Amino acid sequence: MKERLRIEALSGYHDRGEFASGSEAPDRYFREQVSQDVQRRITTCFVAVGLKSDRVVGYYTLSSASVALADVAPDVAKKLPRYPVVPAASMGRLAVAESYRGQGIGGVLVCDALVRVARTGLGVFAMLADVPDESAQLFYEHYGFRLLADGGRRMCLPIARGLRPSG
């Protein structure tokens, strides 16, 4: 890693205008929309900031969610109560600045999100992640996430399992 980081809740102090992940949708969301979603309590946003540069090098969002028990892998679902849905947390967005890619920051952000969710004291069975493409799917699979059976692009990692990088 080029620079040591701190991860903290997004605030007005953070300069969002310079953030560039190389993908228009997450960059535009971070620059133009996330603060409104935070104010409306739709999501929370956490940023990785360089200790020396004070520059935002990555971010993720968390919100509450639920997942249909029928969409969870059968080997996991059989260990759960037979409720139609179970509580989850959703990592709706995750992005790392293009100039910081390949340094493990995405993995650090996933770990931070899991720890935050596990520490909330709320009943949260799993972390969900929206995966826009195959590259994102491979990234999350590395940390043990599995596609839900609903046929969409959403993945799930039971919190009790924690992170188990493959390979």
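Derivation of every value follows stated rules applied to the coordinates shown; laboratory data play no part. Being a predicted model, the structure only gives us computed values, none of them experimental. As a convention, Cβ positions derive from the backbone with ideal geometry for all residues, glycine included, and neighbour counts pool all protein chains shown.
Size check on the stretch 5-161: the Cα extents along the three principal axes, sorted descending, read 48, 30, 24 Å. Among R146, R93, R116, the largest mean-square fluctuation in a Gaussian network model of the chain, built with springs joining Cα atoms closer than 10 Å, belongs to R116.
What is the list of residues in the stretch 95-124 whose amide nitrogen lies under 18 Å from a point 7 angstrom out from the Cα of L69, following Cα to Cβ? Answer for this model: 123-124. Bridges between two residues of the chain, per DSSP, are antiparallel at a rate of about 85%. One chain, two ends: K79 and S11. Fully extended at 0.36 nm per residue, the span grows by 20.5 nm beyond their Cα-Cα distance. Taking Cα atoms, how many degrees apart are the long axis of helix 105-118 and the longest axis of the chain, rounded to 10 and kept between 0 and 90? Approximately 50 degrees, to the nearest ten.
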